[in-house]
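Report on the following structure.
Laboratory data are not the source of any read-out in this text; all were calculated from the coordinates shown. Since the structure is predicted, the reported quantities are computational estimates derived from the model, not experimental observations. Heads up, the Cβs are rebuilt from the backbone with ideal geometry, glycines too, and the neighbour counts pull from every protein chain shown.
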Amino acid sequence: MKWNLRLAAANRGIWKASELQRMLADAGLVISAGKMSGLWSGNPASIKLDDLDVICAVVGCSVQELLIAEPAKVALNTHDQEDPQEVAAAPSGPAITPRRREGRSLPPS
């Protein structure tokens, strides 16, 4: 995922991290200088969903503008490169045997 806060803010005339930080504080979200730096620079370590709601409301954007999927960066699973018939024939773990509950019998078939 690519974090795109700086561009989303710039598209709405917010050019400085300190300006956005003040706007977020006015909306009830107080962010430390260190965390604000991470959000602004594009490398946040984490973000709470509630905080994301406030950021979207203050900036006036949607989550899709802030989080941009980058599926090309995902490593392919090794099974994707194997022969599908071999993968389907390979055992997937221990066999599971259903058990009957004591005192109950199955209806006649």
(message) What number do you get for the stretch 1-67 when its Cα radius of gyration is normalised by 2.2 N^0.38 Å, N = residues?
(response) 0.96
(message) Less than 13 Å Cβ to Cβ from residue 10, Lys/Arg counted +1 and Asp/Glu -1: what total charge do the surrounding residues give?
(response) +1
